[in-house]
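First the structure, in the form of structure tokens, and then the observations on it.
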Amino acid sequence: MVISNKHIVITGAASGIGKELVHQLAGNGNKILAIDINQEGLEILPKTSSQIHTLTLDLTKPGSVSVIFDWIQLNLNTVDYFFANAGFAKFGLWENTDLETFSRMLQINVLSPIETAKILKPMQVHHPCRLVVTASAMSYWPVPGYAAYAATKASIHQFVETIRSEGEEDWITMVYPSATDTDFFKSAGKEIPKAYPVQSVQIVALHIIKGVSKGKKKIYPSRLFQATMLINRILPVFKPLYFLLERKKLKNWMESKKVS
């Protein structure tokens with residue numbers, strides 16, 4: 001299915017999955033609000049379509065979500081798809097994650113999507129809308145070196161699972177990408193190792209759009225990850241082996257930091 005003639009909001013739109021979503025959804029009569037803290041990255045986007053509008057905003061700051069909805073009420077009135085995609089991570093030993101960084105991560109990865117859900121649902125009571133939240137494969141399967149990030153992604157996963165347990169399950173889609181070939185790893189730390197498996201951002205965005213257009217509740221862009229989870233339930237050997245591999249990467253990275 002092609003998404004067309006819709007009002008679409010995308011956070012984290014200047015890079016990675018968000019940027020690719022903008023590119024793949026641009027055109028077809030769609031009006032897009034692209035949001036990011038990176039103003040320079042946003043300024044490139046409108047050149048691809050006159051229907052792409054931008055808003056520079058730091059979603060790690062409390063109260064920033066209300067700015068988005070102020071813009072929506074003035075310019076769009078209604079929203080068909082809201083992609084809560086913005087987020088960031090830090091790589092390293094869990095005890096080295098300072099509380100200020102963890103607090104900012106919690107705000108953008110967890111509290112921002114929650115606040116979005118709380119404002120979006122009553123605002124759209126007479127207009128169907130889908131909230132699409134980018135979680136992570138780490139919601140299920142943590143990776144050594146990403147304790148704080150995995151905690152936030154597991155948190156938003158369980159929040160939405162609880163919403164569904166209360167009988168509301170037809171307006172939120174959760175996306176669980178595995179490692180994606182974006183600047184995610186660069187922003188998480190200097191020369192950090194990439195977790196396996198790594199997918200292209202184009203494929204991930206394509207899977208997201210296809211799943212969202214079909215109204216799926218959960219989207220797993222990596223079929224390999226989904227299959228591995230299923231097999232591991234029957235034969236629980238993959239997760240310990242994966243932890244061993246990624247733990248070795250973390251140890252080698254820590255040793256390289258000491259040398260440099």
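If the Cβ limit is 8 Å and pairs must be 6+ apart or interchain, which residue in the stretch 216-240 that is at negative phi pairs with which residue that is basic (Lys, Arg) and assigned to a helix (DSSP H, G or I)?
Once the first residue is at negative phi and sits in the stretch 216-240, its partners that are basic (Lys, Arg) and assigned to a helix (DSSP H, G or I) give 217/164; 232/239.
Based on this model, can you work out whether residue 67 counts as surrounded by fewer than 18 Cβ atoms within 10 Å (Cβ to Cβ), out of contact with any Lys or Arg (no Cβ under 9 Å at 6 or more places or on another chain), among the β-branched types (Val, Ile, Thr) and assigned to a loop (DSSP other than H, G, I, E, B)?
Considered against the rule, which asks whether it is surrounded by fewer than 18 Cβ atoms within 10 Å (Cβ to Cβ), out of contact with any Lys or Arg (no Cβ under 9 Å at 6 or more places or on another chain), among the β-branched types (Val, Ile, Thr) and assigned to a loop (DSSP other than H, G, I, E, B), residue 67 comes out as no.
Taking the stretch 218-243 as the search range and keeping residues that are under 19 Å from residue 208 (Cα atoms) and hydroxyl-bearing (Ser, Thr, Tyr), which one is modelled with the lowest pLDDT? Outline the logic, then answer.
Within the stretch 218-243, the subset under 19 Å from residue 208 (Cα atoms) is 218-227.
Now drop any that are not hydroxyl-bearing (Ser, Thr, Tyr), which leaves 220, 222.
Working: 220: 95, 222: 89.
Across the stretch 218-243, the extreme among qualifying residues is 222.
Does residue 86 satisfy the criteria of being at pLDDT 90 or above, among the hydrophobic types (A, V, I, L, M, F, W, C) and part of a loop (DSSP other than H, G, I, E, B)?
Here the answer is yes, as residue 86 does meet what is asked.
Considering the stretch 6-24 alone, what residues qualify as being in a strand (DSSP E or B) and surrounded by 21 or more Cβ atoms within 10 Å (Cβ to Cβ)? So that I can check it myself, show each step before the final result.
As a first pass, look at the stretch 6-24 and keep what is in a strand (DSSP E or B): 7-11.
Result: 8, 9, 10, 11.
Answer with yes or no whether residue 8 is touching a strand residue (DSSP E or B) at 6+ places or on another chain (Cβ under 6 Å) and closer than 23 Å to residue 211 by Cα.
On the way: touching a strand residue (DSSP E or B) at 6+ places or on another chain (Cβ under 6 Å): yes; closer than 23 Å to residue 211 by Cα: yes.
Judged against the criteria, residue 8 is a match.
Somewhere in the stretch 82-101, is a residue in contact with a helix residue (DSSP H, G or I) (Cβ under 9 Å, 6 or more places away or on another chain), over 20 Å from residue 15 (Cβ atoms) and small (Gly, Ala, Ser)?
Yes, that holds for at least one residue.
Are any residues in the stretch 146-169 more than 18 Å from residue 85 (Cβ to Cβ), in contact with a strand residue (DSSP E or B) (Cβ under 9 Å, 6 or more places away or on another chain) and touching a residue at least 40 places away in the same chain (Cβ under 8 Å), and if so, which ones?
Of everything in the stretch 146-169, those that are more than 18 Å from residue 85 (Cβ to Cβ), in contact with a strand residue (DSSP E or B) (Cβ under 9 Å, 6 or more places away or on another chain) and touching a residue at least 40 places away in the same chain (Cβ under 8 Å) turn out to be 163, 164.
With (1) without any contact (Cβ under 8 Å) to a residue 24 or more places away in the chain; (2) touching a strand residue (DSSP E or B) at 6+ places or on another chain (Cβ under 9 Å); (3) part of a loop (DSSP other than H, G, I, E, B); (4) not aliphatic (A, V, I, L, M) as the list, and residue 43 as the residue in question, which single condition is left unmet?
(3)
Look through the stretch 25-64, keep the residues that are closer than 23 Å to residue 107 by Cβ, out of contact with any Lys or Arg (no Cβ under 6 Å at 6 or more places or on another chain) and among the polar types (S, T, N, Q), and return whichever of them is surrounded by the fewest Cβ atoms within 10 Å (Cβ to Cβ).
39
With (1) modelled with pLDDT of 85 or more; (2) part of a helix (DSSP H, G or I); (3) surrounded by fewer than 17 Cβ atoms within 10 Å (Cβ to Cβ); (4) of a type outside the set (A, V, I, L, M) as the list, and residue 256 as the residue in question, which single condition is left unmet?
(1)
Condition (residue is crowded, with 23+ Cβ neighbours inside 10 Å and either outside any helix (DSSP H, G or I) or among the aromatic types (Phe, Trp, Tyr) (or both)) applied to the stretch 156-170: is it met by at least one residue? Even if it seems obvious, please write down each step before you answer.
We begin by selecting, within the stretch 156-170, every residue crowded, with 23+ Cβ neighbours inside 10 Å; these are 156, 160.
Narrowing the set further to residues that are either outside any helix (DSSP H, G or I) or among the aromatic types (Phe, Trp, Tyr) (or both) leaves none.
Checking the stretch 156-170: not a single residue is crowded, with 23+ Cβ neighbours inside 10 Å and either outside any helix (DSSP H, G or I) or among the aromatic types (Phe, Trp, Tyr) (or both).
Restricting to the stretch 122-155, and then to whatever is among the hydroxyl-bearing types (Ser, Thr, Tyr) and crowded, with 22+ Cβ neighbours inside 10 Å, can you tell me which residue is nearest to residue 214 (Cα to Cα)? Don't jump to the end; show me each part of the working.
Initial filter on the stretch 122-155 (among the hydroxyl-bearing types (Ser, Thr, Tyr)): 134, 136, 139-140, 146, 149, 152, 155.
From the residues that got through so far, the ones that are crowded, with 22+ Cβ neighbours inside 10 Å too are 134, 136, 146, 149, 152.
Details: 134: 17, 136: 20, 146: 32, 149: 29, 152: 27 Å.
Taking the candidates together, the pick is 134.
Is there a residue in the stretch 136-155 that is at pLDDT 95 or above, farther than 30 Å from residue 257 by Cβ and of a type in the set (Lys, Arg)?
no
The values are calculated or read from the model by the stated rules, or taken from the named source; none is laboratory data. Bear in mind that the values here come from a model prediction, so they are computed numbers and not experimental data. As a convention, Cβ positions derive from the backbone with ideal geometry for all residues, glycine included, and neighbour counts pool all protein chains shown.
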